[in-house]
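What follows is one structure encoded as C-alpha coordinates, with my remarks underneath.
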Amino acid sequence: MSDTKAPVEDWATDFDHTHPDYAAGAPAIWDDLRKRCPLAHSERFGGMWVPTRADDIKAIADNDFGNYTSHEVVVNEYANNDEMMPPPIGGAPPITSDPPFHADARRLLLAPFAPKQINKLEPFTRQYCHDLLDVALAKAKDNGGVFDAAIDYAQHIPVRVIAEMLGLPPEDGDRFRTFIHHIIENPIERELEEEETIEYYLDAQIERHRANPKPEGEGDLIDHLLSVEIFGEPLSPEHVRGTVVLLLIAGIDTTWSSIGSSIWHLAQHPADLERFRNEPDVRIFAIEEFLRLYAPVTMARRVAKDHELRGQQLKQGDWMLLPFPAGNRDPEAFEDADQFIIDRQKNRHGAFGLGIHRCLGSNLARMELAVALEVFTERVDDFELLDPATVRFSTGQIRGPRELPLKVHFDA
Amino acid sequence: MKISYNRELCQGHNRCYMLAPELFDVDDEGYAVLKVEGEVPAELHDKAQLCVDNCPEYAIELTD
Ligand code: HEM
Ligand code: SF4
(Lines give C-alpha, C1' and ligand atoms only; values in the text may rest on other atoms or scores of the structure.)
(Ligands and ions follow the chains in the order given, each with its own letter.)
Protein backbone atom coordinates (compact mmCIF):
# COMPACT_ATOMS: atom_id res chain seq x y z
CA MET A 1 0.00 0.00 0.00
CA SER A 2 1.02 3.60 0.47
CA ASP A 3 3.98 2.98 2.78
CA THR A 4 5.87 1.47 -0.17
CA LYS A 5 5.75 4.81 -1.99
CA ALA A 6 8.96 6.53 -3.00
CA PRO A 7 9.71 9.53 -0.77
CA VAL A 8 8.79 12.91 -2.24
CA GLU A 9 12.00 14.82 -3.02
CA ASP A 10 10.43 18.22 -3.61
CA TRP A 11 6.68 18.85 -3.61
CA ALA A 12 7.06 21.41 -6.41
CA THR A 13 8.42 18.84 -8.87
CA ASP A 14 7.43 15.48 -7.38
CA PHE A 15 3.96 16.10 -5.91
CA ASP A 16 2.06 13.02 -4.67
CA HIS A 17 -1.29 13.43 -2.90
CA THR A 18 -1.41 9.70 -2.12
CA HIS A 19 1.81 9.84 -0.09
CA PRO A 20 1.49 9.44 3.71
CA ASP A 21 3.37 12.73 4.27
CA TYR A 22 0.56 14.50 2.43
CA ALA A 23 -2.06 13.12 4.83
CA ALA A 24 -0.20 14.60 7.76
CA GLY A 25 0.87 17.92 6.32
CA ALA A 26 -1.14 19.01 3.26
CA PRO A 27 -1.93 22.59 4.41
CA ALA A 28 1.77 23.41 4.95
CA ILE A 29 2.61 21.89 1.54
CA TRP A 30 -0.01 24.07 -0.21
CA ASP A 31 1.19 27.23 1.55
CA ASP A 32 4.78 26.55 0.59
CA LEU A 33 3.92 25.81 -3.05
CA ARG A 34 1.67 28.85 -3.40
CA LYS A 35 4.62 31.05 -2.50
CA ARG A 36 7.37 29.53 -4.59
CA CYS A 37 5.69 27.47 -7.33
CA PRO A 38 1.95 28.11 -7.78
CA LEU A 39 1.70 25.49 -10.53
CA ALA A 40 3.56 22.47 -9.22
CA HIS A 41 4.31 19.43 -11.32
CA SER A 42 4.86 15.73 -10.90
CA GLU A 43 5.97 12.91 -13.14
CA ARG A 44 3.91 10.52 -11.04
CA PHE A 45 0.58 9.15 -12.37
CA GLY A 46 1.82 9.76 -15.91
CA GLY A 47 2.28 13.51 -15.39
CA MET A 48 0.25 15.84 -13.19
CA TRP A 49 -0.10 19.60 -12.52
CA VAL A 50 -1.09 21.12 -9.17
CA PRO A 51 -2.29 24.72 -8.83
CA THR A 52 -2.61 26.22 -5.33
CA ARG A 53 -3.84 29.79 -5.98
CA ALA A 54 -7.56 30.52 -5.61
CA ASP A 55 -7.77 32.46 -8.90
CA ASP A 56 -6.07 29.68 -10.91
CA ILE A 57 -8.30 27.06 -9.35
CA LYS A 58 -11.44 29.03 -10.17
CA ALA A 59 -10.30 29.66 -13.75
CA ILE A 60 -9.54 25.97 -14.30
CA ALA A 61 -12.89 24.93 -12.80
CA ASP A 62 -14.68 27.55 -14.92
CA ASN A 63 -12.91 26.06 -17.96
CA ASP A 64 -14.07 28.87 -20.26
CA PHE A 65 -11.81 27.73 -23.10
CA GLY A 66 -12.47 24.00 -22.92
CA ASN A 67 -8.85 23.34 -21.94
CA TYR A 68 -9.82 20.57 -19.52
CA THR A 69 -12.11 17.57 -19.49
CA SER A 70 -13.94 15.96 -16.56
CA HIS A 71 -13.94 12.55 -18.26
CA GLU A 72 -11.87 11.29 -15.33
CA VAL A 73 -11.95 13.09 -11.98
CA VAL A 74 -10.00 10.70 -9.76
CA VAL A 75 -6.29 10.40 -10.58
CA ASN A 76 -5.40 6.84 -11.52
CA GLU A 77 -2.92 4.87 -13.55
CA TYR A 78 -5.29 2.84 -15.72
CA ALA A 79 -5.99 3.58 -19.37
CA ASN A 80 -9.62 4.64 -19.65
CA ASN A 81 -11.40 3.05 -22.61
CA ASP A 82 -15.03 2.75 -21.59
CA GLU A 83 -16.78 2.48 -24.94
CA MET A 84 -20.29 2.52 -23.47
CA MET A 85 -19.88 6.00 -22.01
CA PRO A 86 -17.63 7.97 -24.37
CA PRO A 87 -16.93 11.68 -23.92
CA PRO A 88 -18.76 13.96 -23.23
CA ILE A 89 -20.82 11.50 -21.12
CA GLY A 90 -18.26 9.60 -19.05
CA GLY A 91 -18.83 6.75 -16.63
CA ALA A 92 -20.70 8.64 -13.91
CA PRO A 93 -22.82 11.50 -15.30
CA PRO A 94 -22.85 14.40 -14.57
CA ILE A 95 -19.51 14.50 -12.75
CA THR A 96 -17.65 12.81 -15.62
CA SER A 97 -19.56 14.74 -18.29
CA ASP A 98 -18.47 17.76 -20.30
CA PRO A 99 -20.64 20.34 -22.07
CA PRO A 100 -23.02 20.18 -23.74
CA PHE A 101 -24.18 16.82 -22.32
CA HIS A 102 -23.34 17.82 -18.76
CA ALA A 103 -26.13 20.37 -18.35
CA ASP A 104 -28.83 17.92 -19.47
CA ALA A 105 -27.58 15.14 -17.20
CA ARG A 106 -27.26 17.52 -14.27
CA ARG A 107 -30.70 19.06 -14.71
CA LEU A 108 -32.30 15.65 -14.05
CA LEU A 109 -30.95 15.79 -10.50
CA LEU A 110 -31.33 19.43 -9.52
CA ALA A 111 -34.88 19.28 -8.17
CA PRO A 112 -34.39 16.42 -5.66
CA PHE A 113 -31.28 18.14 -4.27
CA ALA A 114 -32.72 21.69 -4.06
CA PRO A 115 -32.88 23.19 -0.55
CA LYS A 116 -36.60 22.82 0.05
CA GLN A 117 -36.52 19.10 -0.78
CA ILE A 118 -33.44 18.48 1.30
CA ASN A 119 -34.87 20.25 4.34
CA LYS A 120 -37.53 17.54 4.54
CA LEU A 121 -34.81 15.07 5.49
CA GLU A 122 -33.66 17.08 8.47
CA PRO A 123 -35.82 15.46 11.20
CA PHE A 124 -34.80 12.00 10.01
CA THR A 125 -31.11 13.00 10.06
CA ARG A 126 -31.40 14.56 13.51
CA GLN A 127 -33.04 11.47 14.96
CA TYR A 128 -30.36 9.27 13.44
CA CYS A 129 -27.57 11.42 14.95
CA HIS A 130 -29.19 11.02 18.35
CA ASP A 131 -29.44 7.25 17.87
CA LEU A 132 -25.74 7.07 16.98
CA LEU A 133 -24.76 9.04 20.05
CA ASP A 134 -26.95 6.89 22.31
CA VAL A 135 -24.78 3.96 21.27
CA ALA A 136 -21.45 5.82 21.14
CA LEU A 137 -21.85 7.44 24.54
CA ALA A 138 -22.94 4.19 26.15
CA LYS A 139 -19.80 2.65 24.69
CA ALA A 140 -17.69 5.51 26.01
CA LYS A 141 -19.16 5.10 29.50
CA ASP A 142 -17.91 1.50 29.58
CA ASN A 143 -14.59 2.49 28.08
CA GLY A 144 -13.11 5.18 30.30
CA GLY A 145 -14.92 7.94 28.38
CA VAL A 146 -13.29 7.04 25.06
CA PHE A 147 -15.01 6.69 21.69
CA ASP A 148 -14.05 7.45 18.10
CA ALA A 149 -15.98 10.37 16.59
CA ALA A 150 -14.97 9.46 13.03
CA ILE A 151 -15.74 5.74 13.27
CA ASP A 152 -18.63 5.62 15.76
CA TYR A 153 -20.37 8.80 14.62
CA ALA A 154 -19.38 10.83 11.54
CA GLN A 155 -18.96 8.01 9.02
CA HIS A 156 -22.47 6.62 9.51
CA ILE A 157 -24.45 9.80 8.93
CA PRO A 158 -24.05 10.33 5.16
CA VAL A 159 -24.36 6.59 4.52
CA ARG A 160 -27.71 6.35 6.28
CA VAL A 161 -29.14 9.44 4.62
CA ILE A 162 -28.10 8.57 1.05
CA ALA A 163 -29.33 4.98 1.50
CA GLU A 164 -32.69 6.49 2.46
CA MET A 165 -32.71 8.78 -0.57
CA LEU A 166 -31.66 6.09 -3.05
CA GLY A 167 -33.83 3.37 -1.55
CA LEU A 168 -30.94 1.03 -0.69
CA PRO A 169 -30.92 -1.29 2.35
CA PRO A 170 -29.47 0.68 5.30
CA GLU A 171 -27.68 -2.42 6.59
CA ASP A 172 -25.44 -2.39 3.50
CA GLY A 173 -23.53 0.63 4.81
CA ASP A 174 -20.28 -1.26 5.38
CA ARG A 175 -20.32 -2.48 1.78
CA PHE A 176 -20.72 1.09 0.49
CA ARG A 177 -17.65 2.15 2.42
CA THR A 178 -15.64 -0.75 0.98
CA PHE A 179 -16.64 0.25 -2.56
CA ILE A 180 -15.53 3.79 -1.87
CA HIS A 181 -12.26 2.63 -0.44
CA HIS A 182 -11.55 0.81 -3.72
CA ILE A 183 -12.60 3.73 -5.90
CA ILE A 184 -11.28 6.82 -4.12
CA GLU A 185 -8.86 6.00 -1.38
CA ASN A 186 -6.91 3.35 -3.22
CA PRO A 187 -7.71 3.58 -6.90
CA ILE A 188 -4.37 2.06 -7.81
CA GLU A 189 -4.30 -0.87 -5.41
CA ARG A 190 -5.44 -3.78 -7.61
CA GLU A 191 -8.07 -5.00 -10.09
CA LEU A 192 -11.23 -6.31 -8.40
CA GLU A 193 -13.24 -9.51 -8.84
CA GLU A 194 -16.61 -8.87 -10.46
CA GLU A 195 -18.67 -9.67 -7.34
CA GLU A 196 -16.65 -7.15 -5.35
CA THR A 197 -17.55 -4.26 -7.60
CA ILE A 198 -20.07 -1.55 -6.90
CA GLU A 199 -21.47 -2.10 -10.40
CA TYR A 200 -22.35 -5.70 -9.62
CA TYR A 201 -24.09 -4.71 -6.38
CA LEU A 202 -26.00 -1.81 -7.89
CA ASP A 203 -27.21 -3.71 -10.95
CA ALA A 204 -29.13 -6.01 -8.59
CA GLN A 205 -30.53 -3.06 -6.63
CA ILE A 206 -31.59 -1.21 -9.78
CA GLU A 207 -33.21 -4.38 -11.12
CA ARG A 208 -35.20 -4.66 -7.88
CA HIS A 209 -36.45 -1.10 -8.36
CA ARG A 210 -37.29 -1.70 -12.01
CA ALA A 211 -39.35 -4.75 -11.08
CA ASN A 212 -41.31 -2.85 -8.38
CA PRO A 213 -42.35 0.49 -9.83
CA LYS A 214 -43.84 2.90 -7.28
CA PRO A 215 -46.72 5.31 -7.78
CA GLU A 216 -45.90 8.80 -9.08
CA GLY A 217 -44.41 10.98 -6.33
CA GLU A 218 -43.64 8.14 -3.91
CA GLY A 219 -40.41 6.89 -5.42
CA ASP A 220 -36.83 7.23 -4.26
CA LEU A 221 -33.93 8.56 -6.35
CA ILE A 222 -33.41 5.29 -8.21
CA ASP A 223 -37.10 5.26 -9.17
CA HIS A 224 -36.65 8.86 -10.27
CA LEU A 225 -33.74 7.98 -12.57
CA LEU A 226 -35.71 5.10 -14.03
CA SER A 227 -38.64 7.40 -14.84
CA VAL A 228 -36.96 10.52 -16.27
CA GLU A 229 -35.95 11.10 -19.89
CA ILE A 230 -33.01 12.73 -21.60
CA PHE A 231 -33.45 14.00 -25.20
CA GLY A 232 -36.90 12.34 -25.18
CA GLU A 233 -35.57 8.87 -24.31
CA PRO A 234 -35.28 6.96 -21.01
CA LEU A 235 -31.76 6.92 -19.61
CA SER A 236 -29.56 4.07 -20.78
CA PRO A 237 -28.89 1.38 -18.14
CA GLU A 238 -25.25 2.53 -18.08
CA HIS A 239 -26.30 6.10 -17.40
CA VAL A 240 -28.64 5.07 -14.56
CA ARG A 241 -25.97 2.91 -12.99
CA GLY A 242 -23.21 5.48 -13.43
CA THR A 243 -25.30 8.17 -11.77
CA VAL A 244 -26.31 5.90 -8.88
CA VAL A 245 -22.62 5.04 -8.37
CA LEU A 246 -21.91 8.75 -8.27
CA LEU A 247 -24.73 9.61 -5.87
CA LEU A 248 -23.74 6.77 -3.58
CA ILE A 249 -20.05 7.57 -3.39
CA ALA A 250 -19.92 11.35 -3.84
CA GLY A 251 -21.53 12.14 -0.52
CA ILE A 252 -20.03 9.62 1.87
CA ASP A 253 -16.27 10.13 2.38
CA THR A 254 -16.76 13.81 1.68
CA THR A 255 -19.38 14.54 4.32
CA TRP A 256 -17.80 12.09 6.76
CA SER A 257 -14.56 14.07 6.38
CA SER A 258 -16.26 17.38 6.89
CA ILE A 259 -18.09 16.33 10.05
CA GLY A 260 -14.93 14.70 11.40
CA SER A 261 -12.66 17.69 10.72
CA SER A 262 -15.16 20.02 12.36
CA ILE A 263 -15.35 17.90 15.52
CA TRP A 264 -11.54 17.67 15.47
CA HIS A 265 -11.41 21.46 15.45
CA LEU A 266 -14.00 21.89 18.21
CA ALA A 267 -12.19 19.35 20.40
CA GLN A 268 -9.12 21.59 20.32
CA HIS A 269 -10.74 25.05 20.46
CA PRO A 270 -13.01 25.39 23.50
CA ALA A 271 -13.84 29.04 22.76
CA ASP A 272 -15.20 28.11 19.31
CA LEU A 273 -17.12 25.21 20.86
CA GLU A 274 -18.74 27.58 23.37
CA ARG A 275 -19.84 29.98 20.67
CA PHE A 276 -21.11 27.25 18.37
CA ARG A 277 -23.11 25.73 21.19
CA ASN A 278 -24.54 28.91 22.69
CA GLU A 279 -25.00 31.23 19.74
CA PRO A 280 -27.34 29.72 17.14
CA ASP A 281 -26.93 32.82 14.93
CA VAL A 282 -23.23 32.19 14.53
CA ARG A 283 -23.75 28.67 13.17
CA ILE A 284 -24.57 29.72 9.61
CA PHE A 285 -21.12 31.34 9.41
CA ALA A 286 -19.36 28.63 11.41
CA ILE A 287 -20.54 25.90 9.03
CA GLU A 288 -19.07 27.76 6.04
CA GLU A 289 -15.84 28.36 7.92
CA PHE A 290 -15.50 24.66 8.71
CA LEU A 291 -16.13 23.95 5.04
CA ARG A 292 -13.56 26.53 3.94
CA LEU A 293 -10.68 25.72 6.24
CA TYR A 294 -11.18 21.96 6.27
CA ALA A 295 -12.49 21.53 2.74
CA PRO A 296 -12.27 17.79 2.10
CA VAL A 297 -12.46 17.53 -1.68
CA THR A 298 -9.74 17.79 -4.34
CA MET A 299 -10.97 17.04 -7.85
CA ALA A 300 -9.05 16.22 -10.98
CA ARG A 301 -9.29 16.95 -14.68
CA ARG A 302 -7.37 15.86 -17.73
CA VAL A 303 -5.83 18.49 -19.98
CA ALA A 304 -7.97 18.36 -23.15
CA LYS A 305 -5.67 20.35 -25.41
CA ASP A 306 -2.10 21.58 -25.28
CA HIS A 307 -1.89 25.06 -23.78
CA GLU A 308 0.26 27.29 -21.63
CA LEU A 309 -0.43 28.18 -18.02
CA ARG A 310 1.81 30.22 -15.72
CA GLY A 311 4.63 29.85 -18.19
CA GLN A 312 4.41 26.06 -18.31
CA GLN A 313 3.56 23.94 -21.34
CA LEU A 314 0.61 21.63 -20.55
CA LYS A 315 0.10 18.60 -22.79
CA GLN A 316 -3.16 16.89 -23.70
CA GLY A 317 -3.71 13.94 -21.36
CA ASP A 318 -1.78 15.40 -18.41
CA TRP A 319 -3.61 15.29 -15.10
CA MET A 320 -4.69 18.59 -13.57
CA LEU A 321 -5.40 18.40 -9.88
CA LEU A 322 -7.98 20.86 -8.50
CA PRO A 323 -7.21 21.25 -4.80
CA PHE A 324 -10.14 23.42 -3.71
CA PRO A 325 -8.85 23.17 -0.11
CA ALA A 326 -5.60 24.89 -1.18
CA GLY A 327 -7.52 27.71 -2.86
CA ASN A 328 -9.55 28.17 0.31
CA ARG A 329 -6.35 29.02 2.20
CA ASP A 330 -4.99 31.52 -0.31
CA PRO A 331 -4.22 34.80 1.52
CA GLU A 332 -4.93 36.71 -1.71
CA ALA A 333 -8.55 35.58 -1.50
CA PHE A 334 -9.19 35.40 2.26
CA GLU A 335 -8.14 37.64 5.13
CA ASP A 336 -6.17 35.70 7.76
CA ALA A 337 -6.60 32.71 5.50
CA ASP A 338 -4.96 30.23 7.86
CA GLN A 339 -7.12 31.26 10.84
CA PHE A 340 -10.48 29.78 11.81
CA ILE A 341 -12.78 32.77 12.25
CA ILE A 342 -16.09 31.42 13.43
CA ASP A 343 -18.18 34.34 12.16
CA ARG A 344 -16.18 35.17 9.02
CA GLN A 345 -18.35 37.59 7.05
CA LYS A 346 -16.60 37.36 3.68
CA ASN A 347 -16.28 33.77 2.67
CA ARG A 348 -16.44 32.88 -1.03
CA HIS A 349 -14.96 29.45 -0.47
CA GLY A 350 -14.87 26.75 -3.11
CA ALA A 351 -15.30 23.68 -0.90
CA PHE A 352 -18.16 22.50 -3.09
CA GLY A 353 -16.32 23.24 -6.29
CA LEU A 354 -16.90 26.18 -8.63
CA GLY A 355 -18.58 26.55 -11.99
CA ILE A 356 -20.82 24.05 -13.74
CA HIS A 357 -19.89 21.05 -11.58
CA ARG A 358 -20.80 22.78 -8.29
CA CYS A 359 -21.56 20.01 -5.83
CA LEU A 360 -25.08 18.79 -6.48
CA GLY A 361 -25.27 17.56 -2.93
CA SER A 362 -24.15 20.81 -1.31
CA ASN A 363 -27.51 21.52 0.32
CA LEU A 364 -27.64 17.96 1.62
CA ALA A 365 -24.04 18.06 2.87
CA ARG A 366 -24.61 21.38 4.66
CA MET A 367 -27.75 20.09 6.30
CA GLU A 368 -25.96 16.94 7.47
CA LEU A 369 -22.95 18.88 8.75
CA ALA A 370 -25.09 21.39 10.63
CA VAL A 371 -27.34 18.76 12.18
CA ALA A 372 -24.43 16.47 13.05
CA LEU A 373 -22.62 19.29 14.86
CA GLU A 374 -25.72 20.63 16.58
CA VAL A 375 -26.61 17.22 17.97
CA PHE A 376 -23.00 16.48 18.89
CA THR A 377 -22.44 19.73 20.77
CA GLU A 378 -25.81 19.37 22.50
CA ARG A 379 -25.22 15.80 23.64
CA VAL A 380 -21.48 15.66 24.28
CA ASP A 381 -20.86 18.21 26.93
CA ASP A 382 -17.17 18.13 27.67
CA PHE A 383 -14.75 16.42 25.27
CA GLU A 384 -11.16 16.61 24.06
CA LEU A 385 -8.82 14.65 21.81
CA LEU A 386 -7.68 11.48 23.53
CA ASP A 387 -4.23 12.12 22.09
CA PRO A 388 -3.43 14.28 19.04
CA ALA A 389 -1.01 11.57 17.84
CA THR A 390 -3.81 8.99 17.45
CA VAL A 391 -5.78 11.10 14.97
CA ARG A 392 -5.27 9.74 11.46
CA PHE A 393 -6.07 11.71 8.30
CA SER A 394 -6.77 10.07 4.93
CA THR A 395 -4.48 10.34 1.92
CA GLY A 396 -5.72 10.93 -1.61
CA GLN A 397 -8.29 13.34 -2.97
CA ILE A 398 -10.69 13.29 -0.01
CA ARG A 399 -9.15 14.67 3.15
CA GLY A 400 -10.49 14.12 6.64
CA PRO A 401 -9.90 12.23 9.88
CA ARG A 402 -10.44 8.48 9.54
CA GLU A 403 -9.62 7.88 13.21
CA LEU A 404 -10.56 10.47 15.80
CA PRO A 405 -10.49 9.07 19.34
CA LEU A 406 -12.08 11.43 21.86
CA LYS A 407 -12.19 11.45 25.62
CA VAL A 408 -15.50 12.50 27.15
CA HIS A 409 -15.74 13.79 30.73
CA PHE A 410 -19.11 12.60 31.98
CA ASP A 411 -19.16 14.13 35.42
CA ALA A 412 -18.72 17.69 34.18
CA MET B 1 -28.45 50.90 -2.91
CA LYS B 2 -29.51 48.66 -5.80
CA ILE B 3 -28.96 44.92 -6.08
CA SER B 4 -28.59 42.89 -9.25
CA TYR B 5 -28.11 39.23 -9.86
CA ASN B 6 -26.71 37.46 -12.91
CA ARG B 7 -28.51 34.19 -13.59
CA GLU B 8 -25.83 33.20 -16.13
CA LEU B 9 -23.16 33.13 -13.43
CA CYS B 10 -25.28 31.58 -10.67
CA GLN B 11 -24.46 27.91 -10.00
CA GLY B 12 -26.95 27.44 -7.20
CA HIS B 13 -24.62 27.49 -4.21
CA ASN B 14 -27.59 28.93 -2.25
CA ARG B 15 -25.40 31.03 -0.01
CA CYS B 16 -27.53 34.12 -0.72
CA TYR B 17 -30.80 32.37 0.04
CA MET B 18 -29.46 31.08 3.36
CA LEU B 19 -28.04 34.43 4.42
CA ALA B 20 -30.89 36.64 3.26
CA PRO B 21 -34.18 34.90 2.56
CA GLU B 22 -35.69 38.42 2.57
CA LEU B 23 -33.75 39.17 -0.63
CA PHE B 24 -33.45 35.81 -2.35
CA ASP B 25 -35.71 32.86 -2.89
CA VAL B 26 -34.70 29.67 -4.61
CA ASP B 27 -36.46 27.99 -7.53
CA ASP B 28 -37.29 24.29 -7.88
CA GLU B 29 -33.88 23.60 -9.43
CA GLY B 30 -31.99 25.38 -6.68
CA TYR B 31 -31.09 28.58 -8.55
CA ALA B 32 -31.45 31.94 -6.83
CA VAL B 33 -34.44 34.19 -7.49
CA LEU B 34 -34.07 37.85 -6.57
CA LYS B 35 -37.10 39.00 -4.58
CA VAL B 36 -36.60 42.77 -4.63
CA GLU B 37 -36.48 44.91 -7.73
CA GLY B 38 -34.02 47.76 -7.71
CA GLU B 39 -33.75 49.60 -4.37
CA VAL B 40 -32.78 47.51 -1.35
CA PRO B 41 -34.67 48.64 1.78
CA ALA B 42 -32.29 50.32 4.25
CA GLU B 43 -32.70 47.64 6.91
CA LEU B 44 -31.45 45.01 4.45
CA HIS B 45 -28.27 46.77 3.32
CA ASP B 46 -26.02 44.68 5.55
CA LYS B 47 -27.62 41.47 4.40
CA ALA B 48 -27.28 42.49 0.76
CA GLN B 49 -23.56 43.08 1.34
CA LEU B 50 -23.29 39.63 2.94
CA CYS B 51 -24.80 38.03 -0.16
CA VAL B 52 -22.26 39.75 -2.38
CA ASP B 53 -19.36 38.79 -0.12
CA ASN B 54 -20.30 35.12 0.03
CA CYS B 55 -21.36 34.29 -3.51
CA PRO B 56 -18.53 32.09 -4.82
CA GLU B 57 -19.45 32.80 -8.43
CA TYR B 58 -19.51 36.62 -8.16
CA ALA B 59 -23.10 36.57 -9.43
CA ILE B 60 -24.47 39.35 -7.18
CA GLU B 61 -23.67 43.06 -7.42
CA LEU B 62 -24.58 46.20 -5.52
CA THR B 63 -24.61 49.68 -7.03
CA ASP B 64 -25.36 53.06 -5.46
C1 HEM C 1 -19.02 18.18 2.65
C2 HEM C 1 -19.39 17.33 1.73
C3 HEM C 1 -19.14 17.47 0.25
C4 HEM C 1 -18.15 18.16 -0.39
C5 HEM C 1 -17.04 19.01 0.22
C6 HEM C 1 -18.36 17.96 -1.82
C7 HEM C 1 -17.56 18.50 -2.81
C8 HEM C 1 -17.80 18.42 -4.15
C9 HEM C 1 -17.00 19.05 -5.17
C10 HEM C 1 -15.75 19.88 -4.91
C11 HEM C 1 -17.57 18.80 -6.37
C12 HEM C 1 -17.11 19.32 -7.71
C13 HEM C 1 -16.58 18.25 -8.58
C14 HEM C 1 -15.83 18.77 -9.79
O15 HEM C 1 -15.60 19.97 -9.95
O16 HEM C 1 -15.44 17.91 -10.60
C17 HEM C 1 -18.72 17.96 -6.11
C18 HEM C 1 -19.56 17.46 -7.10
C19 HEM C 1 -20.64 16.64 -6.83
N20 HEM C 1 -21.10 16.25 -5.59
FE21 HEM C 1 -20.33 16.78 -3.80
N22 HEM C 1 -19.46 17.17 -2.00
C23 HEM C 1 -19.97 16.86 -0.77
C24 HEM C 1 -21.09 16.11 -0.52
C25 HEM C 1 -21.93 15.60 -1.47
C26 HEM C 1 -23.15 14.89 -1.19
C27 HEM C 1 -23.75 14.63 0.19
C28 HEM C 1 -23.66 14.50 -2.37
C29 HEM C 1 -24.95 13.74 -2.56
C30 HEM C 1 -25.10 12.71 -3.25
C31 HEM C 1 -22.76 14.99 -3.43
C32 HEM C 1 -22.94 14.82 -4.79
C33 HEM C 1 -22.19 15.43 -5.78
C34 HEM C 1 -22.45 15.29 -7.20
C35 HEM C 1 -23.57 14.47 -7.82
C36 HEM C 1 -21.48 16.05 -7.87
C37 HEM C 1 -21.31 16.22 -9.37
C38 HEM C 1 -21.95 17.48 -9.86
C39 HEM C 1 -21.68 17.76 -11.31
O40 HEM C 1 -20.70 17.26 -11.87
O41 HEM C 1 -22.47 18.50 -11.94
N42 HEM C 1 -21.73 15.65 -2.82
N43 HEM C 1 -18.86 17.76 -4.75
S1 SF4 D 1 -24.79 32.52 -3.76
FE2 SF4 D 1 -24.37 33.11 -5.87
S3 SF4 D 1 -24.20 31.22 -6.98
FE4 SF4 D 1 -25.15 30.80 -5.05
S5 SF4 D 1 -27.34 30.82 -5.43
FE6 SF4 D 1 -26.76 32.83 -4.72
S7 SF4 D 1 -26.32 33.90 -6.59
FE8 SF4 D 1 -26.32 31.79 -7.13
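What net charge is computed for the residues neighbouring A:L137, neighbours being all others with C-beta under 13 Å from the C-beta of A:L137, Lys and Arg scored +1, Asp and Glu -1? All intermediate terms of the calculation are to be shown ahead of the outcome.
Values: positive: A:K139, A:K141, A:R379, A:K407; negative: A:D131, A:D134, A:D142, A:D148, A:D152, A:E378, A:D381, A:D382.
Surrounding charge for A:L137 is -4.
If one takes the accessible area of chain A alone plus chain B alone and subtracts that of the pair, with a 1.4 Å probe, what total in Å², rounded to the nearest 100, results?
Working: alone 18670 and 4250 Å², together 20890 Å².
The A and B chains share an interface burying roughly 2000 Å².
Given 5 Å bins starting at zero, what is the percent of C-alpha pairs of segment A:16-95 in each, up to the one with the largest pair distance?
Going out from 0 Å in 5 Å bins, segment A:16-95 shows 3, 12, 18, 22, 20, 14, 8, 3, 0 percent.
Output the 0 to 90 degree angle, nearest 10, between the alpha-carbon long axis of helix B:45-54 and the longest principal axis computed from the alpha carbons of chain B.
30 degrees
Determine the principal axes of the Cα atoms in segment A:72-217, then give the extent along each, sorted from largest to smallest and rounded to whole angstroms.
55, 42, 30
Over 27 Å between Cα atoms: which of A:K35/A:K346; A:K35/A:K407; A:K5/A:K139; A:K116/B:K47; A:K116/A:K346 fall into that group? Intermediate results must be reported in sequence, preceding the final value.
Values: A:K35/A:K346 23 Å; A:K35/A:K407 38 Å; A:K5/A:K139 37 Å; A:K116/B:K47 21 Å; A:K116/A:K346 25 Å.
The answer is A:K35/A:K407; A:K5/A:K139.
Given the protein assembly as shown, what percent of its DSSP beta bridges are antiparallel, to the nearest 5?
Numbers: 33 of 35 bridges.
In the protein assembly as shown, approximately 95 percent of DSSP beta bridges are antiparallel ones.
With label points built 7 Å along Cα→Cβ from the Cα atoms of A:F340 and A:T197, find their separation and express it in nm.
In this crude label model, A:F340 to A:T197 measures out at 4.1 nm.
Would you kindly find the accessible area of A:S227, with a 1.4 Å probe and non-protein molecules such as ligands, DNA and RNA excluded, rounding to the nearest 10 Å²?
Approximately 80 Å² of A:S227 is accessible to the 1.4 Å probe.
Could you let me know the centre-to-centre spacing of segment A:97-158 and segment B:13-64, using Cα atoms, in angstrom?
27 Å
Over all distinct Cα pairs, what is the inverse of the mean 1/r for segment B:2-63, reported as the Kirkwood hydrodynamic radius in Å?
Details: mean 1/r = 0.0890 Å⁻¹.
With all distinct Cα pairs of segment B:2-63 included, I get 11.2 Å.
As an exercise, take the mean of 1/r over every pair of distinct alpha carbons in the protein assembly as shown, invert it, and state the Kirkwood radius in angstroms.
Values: mean 1/r = 0.0431 Å⁻¹.
After inverting the pairwise mean of 1/r, the radius is 23.2 Å.
Cα centroids of segment A:230-308 and segment A:1-44: how far apart, whole angstrom?
So the separation of the two Cα centres works out to 22 Å.
Could you look at segment A:1-155 and say what percent of its accessible area is carbon and sulfur, using a 1.4 Å probe and all protein chains? Please report the intermediate quantities before stating the final value.
Details: 3910 of 6960 Å².
Carbon plus sulfur share of accessible area: 56 percent.
Extension gain B:V33-B:S4, at 0.36 nm per residue separation less the Cα-Cα distance, in nm? Mind showing how you got there, number by number?
Working: separation 29, 0.36 × 29 = 10.44 nm, distance 1.06 nm.
Contour length minus the Cα-Cα distance gives 9.4 nm.
Using 1/(1 + (r/R0)^6) with R0 = 45 angstrom and r between the beta carbons of A:D64 and A:E274, what's the FRET efficiency to the nearest 0.05? Could you put the intermediate results ahead of the total?
Details: r = 45 Å, r/R0 = 0.99.
FRET efficiency, A:D64 to A:E274: 0.50.
Over the C-alpha atoms of segment A:244-308, what are the Rg and the largest Cα-to-Cα span, Dmax, in Å?
Rg, Dmax (Cα atoms, Å): 16.6, 53.
Could you compute the net charge surrounding A:V408? Neighbours are other residues with a C-beta less than 13 Å from the C-beta of A:V408; K and R count +1, D and E count -1.
That works out to -3.
The values are calculated or read from the model by the stated rules, or taken from the named source; none is laboratory data. These numbers were taken from a predicted model, which means no experiment stands behind them. Glycine gets a Cβ as well: all are built from the backbone with ideal geometry, and neighbour counts include every protein chain shown. The accessibility values were calculated without ligands, DNA or RNA, using every heavy atom of the protein model including side chains. Shrake-Rupley method; radii C 1.70, N 1.55, O 1.52, S 1.80 Å.
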